[in-house]
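I have placed the structure first, in the form of structure tokens, so that the comments after it can refer back to it.
The values are calculated or read from the model by the stated rules, or taken from the named source; none is laboratory data. Remember, predicted model here, so these are calculated numbers, not experimental data. Backbone-built Cβ (ideal geometry, glycine too); neighbour counts: all protein chains shown. SASA here: full protein model, heavy atoms, side chains in, ligands and nucleic acids out. Shrake-Rupley method; radii C 1.70, N 1.55, O 1.52, S 1.80 Å.
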Amino acid sequence: MPLPIESPADLFPYNTFGMKVHGLQMTRISTPEALPEVLENNLQQLPFFILGGGSNLLLTGDVRAWILKNECRGIVKAAEDDRYVYLKAGGGEVWHDFVIHCIAQGYAGIENLALIPGTVGAAPIQNIGAYGVEVKDVIRTVHTFDLRTGVFRDFDNSACGFGYRESVFKRDYRNILFVYAVTFRLDKEPAYRLEYGDIRKTIDDMKLPLSIASVARAVIHIRQSKLPDPREIGNSGSFFKNPELSAGEYGSLKERFPDMPGYRIAEDRVKVPAGWLIEQCGWKGYREGAVGVHPRQALVLVNYGGAAGKDIYELSVRILESVEERFGILLEREVQVY
Ligand code: EPU
């Protein structure tokens, strides 16, 4: 049976940076069974481009590929024991809706990850994280289809190669493995993580009782106060990763820049907030035409409307260069650039 194909594919609604670009053609994948059919129908041997929520993506031009939009939906309870419940969620589910679903059922573990844009299927790819929690902490299995070999393959947590905003899916299998579902292990009893930033203070200030719903409300409040809403201003969240330095490197920088914040993440490793480095270089709130650096969070580059992807990219190069010149630190982009 021929697959429904949209051609050309307008990608403007599907990237939160709001880039006006097209793909060659697009097919919406709503069940994993459609994936082998895609391979059978790819007579021209087009490259594939897998699209989730388009919220960690900078498109610098038209995408000369067959866009596979992940619309696999559904949330089912796969298993349960005394302590945990295992939920299998379709890769095309909206991440925040899944968080709300879990909270409504009383399942704990991802309340700190409320309001992160994107989809369930994209969550493991860059191991989304916020406020002291990373999604790798709750992922049990990532269910994939290999667009090269046509084979379905499940990755258990240890096979995913998770790191800080990293995984094998991002490193080795970009646009090769289609994540059609993810199985999560959620706690029936919450283990609250309130130490990061202002979560505890926000809960107190909002006079909320301690619950997973309150944690999510506090996180939503903090995010909304700092981060631009992509529906209003084009952006892809943090554009760069927070760099990790050795304790020695951090120590000598701290002598020259005594205010430099740093968080010890291992005995000899310190993470420095890239937002601070960028702000120190004078970029916070910078604007030139349609592109800029967000006034409340210097880690977020924004499209005020009508910018081209290459304008954002060029701004990111200038930021990289100035941070390197001032601090000798080479920032790494977190956003995937195409
Ligand atoms: N800071 C500044 N100036 C700024 C921004 C930050 O000085 O303009 C410094 C401050 O010292 C602040 C510290 O950076 O205390 C940390 O800032 P924040 O709590 O906003 O977090 P972040 O390190 O900038 C990371 C994630 C975010 C996540 C937040 C909260 C990365 C690349 N980003 O940002 O994730 O929401 O922590 O956990 O790790 C994303 O990945 O898209 C994202 C938004």
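A few notes on this one:
- Flag for residue 93 being closer than 18 Å to residue 109 by Cα and open to solvent by less than 30 Å² (accessible area, probe 1.4 Å): yes
- Subset of the range 130-142 (residues that are in contact with a helix residue (DSSP H, G or I) (Cβ under 7 Å, 6 or more places away or on another chain) and not in a helix (DSSP H, G or I)): 130, 131, 132, 133, 139, 140, 142
- Residue 272 meets the stated requirement of being closer than 17 Å to residue 323 by Cα and of a type outside the set (Lys, Arg).
- Between 3, 11, 57, 24, the distinction of being surrounded by fewer than 19 Cβ atoms within 10 Å (Cβ to Cβ) and touching a residue at least 40 places away in the same chain (Cβ under 8 Å) belongs to 24 only.
- Answer residue from the range 33-53, given it is without any contact (Cβ under 8 Å) to a residue 60 or more places away in the chain and buried (at least 18 other Cβ atoms within 10 Å of the Cβ) and is farthest from the chain's Cα centre (by Cα) among those: 34
- Against the numbered list (1) within 16 Å of the ligand (Cβ to nearest atom); (2) of a type in the set (Asp, Glu); (3) closer than 18 Å to residue 6 by Cβ, residue 111 comes up short only at (3).
- Entry remark, the range 1-52: residues being touching a His at 6+ places or on another chain (Cβ under 9 Å) and outside any helix (DSSP H, G or I) number 5 in total.
- Sole exception among (1) more than 16 Å from the ligand (Cβ to nearest atom); (2) open to solvent by less than 40 Å² (accessible area, probe 1.4 Å) for residue 158, by number: (2)
- If you go through the range 294-329 and keep only what is under 30 Å from residue 252 (Cα atoms), touching a Leu at 6+ places or on another chain (Cβ under 7 Å) and not β-branched (Val, Ile, Thr), you end up with 297, 301, 315, 316, 320, 324, 327.
Okay, residues lined up against (1) farther than 30 Å from residue 306 by Cα; (2) touching a residue at least 12 places away in the same chain (Cβ under 8 Å); (3) within 14 Å of the ligand (Cβ to nearest atom); (4) part of a loop (DSSP other than H, G, I, E, B):
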site: 122; (1), (2), (3), (4): no, yes, yes, yes
site: 144; (1), (2), (3), (4): yes, yes, no, no
site: 175; (1), (2), (3), (4): no, yes, no, yes
site: 182; (1), (2), (3), (4): yes, yes, no, no
site: 186; (1), (2), (3), (4): yes, yes, no, no
site: 193; (1), (2), (3), (4): yes, yes, yes, yes
site: 210; (1), (2), (3), (4): yes, yes, no, yes
site: 218; (1), (2), (3), (4): yes, yes, yes, no
site: 222; (1), (2), (3), (4): no, yes, yes, no
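- Applying the criterion of at least 2 residues that are in contact with a strand residue (DSSP E or B) (Cβ under 9 Å, 6 or more places away or on another chain) and surrounded by fewer than 15 Cβ atoms within 10 Å (Cβ to Cβ) to the strands (runs of 3 or more DSSP E) found wholly in the range 230-338 leaves 263-266.
- Any hit, the range 185-198, residues being open to solvent by 10 Å² or more (accessible area, probe 1.4 Å) and under 27 Å from residue 71 (Cβ atoms): yes
- Close pairs (7 angstrom Cβ cut-off, 6 or more residues apart or separate chains): hydroxyl-bearing (Ser, Thr, Tyr) in the range 291-309, buried (at least 22 other Cβ atoms within 10 Å of the Cβ) and part of a strand (DSSP E or B) anywhere: 304/292
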